[in-house]
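Data block below; observations after.
The values are calculated or read from the model by the stated rules, or taken from the named source; none is laboratory data. All figures in this text were calculated on a predicted structure; none of them were measured in a lab. Here Cβ is always computed from backbone atoms with ideal geometry, including for glycine, and neighbour counts include all displayed protein chains.
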Amino acid sequence: MKCIVGVDGGGTKTLALAESLDAHWQGRGVAGSSNLHAVGFEAACAAIESAIAQAVGSAEIAALCFGLAGAGRAPERLAFTRWAQQTYPGAVVQVVGDAEILLAAGAPSGAALALICGTGSLACGRTAGGEFVRCGGWGYLFGDEGSGFAIGAAALRRVLQAYDGRGPQTALTERILAHRRLKTPPELIEDLYEAASPRSEIAALAPLVEEAAQQNDPIALSILEEAAAELTRMVAALYPRLGQFAPPLALGGGVLLQGSSLRQAFLRGCAAQGLAFSQVIAVSEPARGALALARQES
């Protein structure tokens, strides 16, 4: 049996979806991060291969599409393409950024916007003429504003400032220490600097900020408002380039989809800036966009 495969590779996990050419059979597989800037190229390839093996089983692959975080530039795409062609000989291979599969899943045609907020962050769009445009996605050292990593890092700063006495106390202290199984804030330094993947571990603190915000902790609320403002700025930068009033907006990434306080603050920010959308689509599995792109090549 021949099948097509779509892969959504992010900073936290990799999801592979497989589907037979007649669409009567489907499979799925999950592995760890496949962001090469977070785990390195070899580990990223290993995660992709593991997820695909789970999804495909014994089926023969006719076409693959990888939508990968951290693979937005030509050299990175070429490296993954060459690896995939060697690993899956005979299959048609397509490598795109994770934002492109989000657009394909949530708004497959016409002018549209998409926003990803998971471990990292990125806004992108497709103009009325079919041009792909993007904003952000520069990685945690230079960008990823409003992302899970940015939220987690901000929370850690506020916890340590409270410990120093140069900032107000916050419920985040107790939540983060309990999550990391620590007793005092200074222990966070060794704990996180020596973690196998500090970026992912810090991004994993974002849901704790959401929980504290739900309990009206003022520090958590301010962190999410700042994150939402950054996400709004990215979308606002692309909005006038689409050439269409009120385009659809696709949302992706666990931090944004699972964080109602962050999502609501972001939508309020967009409304305040006059950014209207024909519809807002929550895309829980962008890998389906990768699957659709793979089917076009099969």
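The table for this structure:
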{"quantity": "Long-range neighbours under 9 Å by Cβ, at least six apart or interchain, first residue touching a residue at least 24 places away in the same chain (Cβ under 8 Å) within region 250-266, second of a type in the set (K, R)", "calculated": "L251/R263; G254/K13; L256/R263; L257/R263"}
{"quantity": "Residue match in region 17-34 (condition: part of a helix (DSSP H, G or I) and closer than 23 Å to S197 by Cβ)", "calculated": "no"}
{"quantity": "Search result, residues across region 85-114 that are over 30 Å from A246 (Cα atoms) and not in a strand (DSSP E or B)", "calculated": "Q85, Q86, T87, Y88, P89, G90, A91"}
{"quantity": "Residues being over 30 Å from I101 (Cβ atoms), among the hydroxyl-bearing types (S, T, Y) and in a loop (DSSP other than H, G, I, E, B) - total across region 133-185", "calculated": "2"}
{"quantity": "Candidates G125, G106 - the one that is surrounded by 15 or more Cβ atoms within 10 Å (Cβ to Cβ), modelled with pLDDT of 90 or more and more than 18 Å from L205 (Cα to Cα)", "calculated": "G125"}
{"quantity": "Test: residue in region 77-84 that is at pLDDT below 85, surrounded by fewer than 18 Cβ atoms within 10 Å (Cβ to Cβ) and part of a helix (DSSP H, G or I)", "calculated": "no"}
{"quantity": "Residue among A63, A55, A69, A91 that is crowded, with 19+ Cβ neighbours inside 10 Å, touching a His at 6+ places or on another chain (Cβ under 9 Å) and of a type in the set (A, V, I, L, M)", "calculated": "A69"}
{"quantity": "Selection from region 186-211 of residues that are closer than 27 Å to L36 by Cα and either touching a strand residue (DSSP E or B) at 6+ places or on another chain (Cβ under 7 Å) or not in a helix (DSSP H, G or I) (or both)", "calculated": "E194, A195, A196, S197, A204, L205"}
{"quantity": "Long-range neighbours under 8 Å by Cβ, at least six apart or interchain, first residue touching a residue at least 24 places away in the same chain (Cβ under 8 Å) within region 269-298, second small (G, A, S) and surrounded by fewer than 19 Cβ atoms within 10 Å (Cβ to Cβ)", "calculated": "G269/A229; C270/A236; Q273/A236; L275/A236; A276/A246; F277/A246; S278/A246"}
{"quantity": "Selection count, region 145-183, where residues are at positive phi, surrounded by fewer than 17 Cβ atoms within 10 Å (Cβ to Cβ) and small (G, A, S)", "calculated": "1"}
